[in-house]
1. Among G51, G37, G22, which is more than 17 Å from the chain's Cα centre (by Cα), part of a helix (DSSP H, G or I) and of a type outside the set (A, V, I, L, M)?
2. Residues V16, V44: which one is more than 16 Å from C107 (Cα to Cα), assigned to a helix (DSSP H, G or I) and not aromatic (F, W, Y)?
3. Taking the conditions exactly as written (in contact with a Gly (Cβ under 6 Å, 6 or more places away or on another chain), assigned to a helix (DSSP H, G or I), free of Cβ contacts under 8 Å to residues at least 24 places away in the same chain and closer than 22 Å to I93 by Cβ), does G80 satisfy them or not?
Amino acid sequence: MAEGLRSGVLLSLCAVALAVLGLTPALSWIPEGPLLGAAILLAVAILIWTGLRAAERSGRLVAGPLTGALAGSIGGCVGGIAYLVAGKPALNIAAGLVTGALSGAVCGFAGAKLASRFTAPAVEPERGADERS
C-alpha cells in the first residue's frame with residue numbers, strides 16, 4: 001500500500017500543477033487540449049506504473065488494482081479540491097474521488113497484468129530418476 005500512497009502523492013502534485021495551469025485566469029492563453037492530454041497521459045502512466053510495481057513486489061495480481069485505486073482516489077480527491085479552490089462546485093471532490101478510484105483500479109490491473117507477463121515464473125527443480133514416472 002505504500003506504493004499507492006507514494007503514487008497518490010505524485011499524482012496529486014501533477015493534478016494541482018495542471019489545475020493551476022488550466023484554471024488561472026492569467027494563464028488562459030495556454031491551450032486546453034494539450035493540458036487535458038497531459039493530464040490524462042500522466043495519470044494513466046503513473047497508475048499503470050503503480051500497478052506494475054505493486055504486483056512485482058507482492059507477487060500477487062490483486063495488488064495492482066488495489067494500489068492503483070488508492071493512488072487514483074488520492075489524486076482525484078486532491079484534484080477535486082484544487083477545482084474547489086478555483087471556484088468550481090464541491091461535487092468535483094466526490095467525482096474526482098470516485099473517478100480516480102475506478103480508473104486507478106483499471107489502470108493498476110493493466111499494470112499488474114503487464115508485470116505478470118514480464119515476470120518469469122518460478123523454475124521447478126528437476127526431478128530425480130526415482131521420482132519420474
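The values are calculated or read from the model by the stated rules, or taken from the named source; none is laboratory data. Note that the coordinates shown come from a computational prediction; the quantities given were computed from them, not determined experimentally. Every residue, glycine as well, gets a Cβ built from its backbone with ideal geometry; the counts of neighbours run over all protein chains shown.
1. On the way: G51 fails: more than 17 Å from the chain's Cα centre (by Cα); G37 fails: more than 17 Å from the chain's Cα centre (by Cα).
Checking each option against the conditions leaves just G22.
2. V16 is the lone residue from the list that is more than 16 Å from C107 (Cα to Cα), assigned to a helix (DSSP H, G or I) and not aromatic (F, W, Y).
3. Numbers: in contact with a Gly (Cβ under 6 Å, 6 or more places away or on another chain): yes; assigned to a helix (DSSP H, G or I): yes; free of Cβ contacts under 8 Å to residues at least 24 places away in the same chain: yes; closer than 22 Å to I93 by Cβ: yes.
In short, yes.
Each row is one residue, and each column tells you yes or no for (1) at pLDDT 90 or above; (2) out of contact with any Leu (no Cβ under 6 Å at 6 or more places or on another chain); (3) surrounded by fewer than 20 Cβ atoms within 10 Å (Cβ to Cβ); (4) within 30 Å of S28 (Cα to Cα).
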position: A86; (1), (2), (3), (4): no, no, yes, yes
position: A105; (1), (2), (3), (4): yes, yes, no, no
position: R127; (1), (2), (3), (4): no, yes, yes, no
position: D130; (1), (2), (3), (4): no, yes, yes, no
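Condition check ((1) without any contact (Cβ under 8 Å) to a residue 24 or more places away in the chain; (2) in contact with an Asp or Glu (Cβ under 8 Å, 6 or more places away or on another chain); (3) surrounded by 24 or more Cβ atoms within 10 Å (Cβ to Cβ); (4) not small (G, A, S)) across all residues:
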| position | (1), (2), (3), (4) |
| --- | --- |
| S28 | yes, no, no, no |
| P34 | yes, no, no, yes |
| G37 | yes, no, no, no |
| A54 | no, yes, yes, no |
| R57 | no, yes, no, yes |
| T67 | no, yes, yes, yes |
| S73 | no, no, no, no |
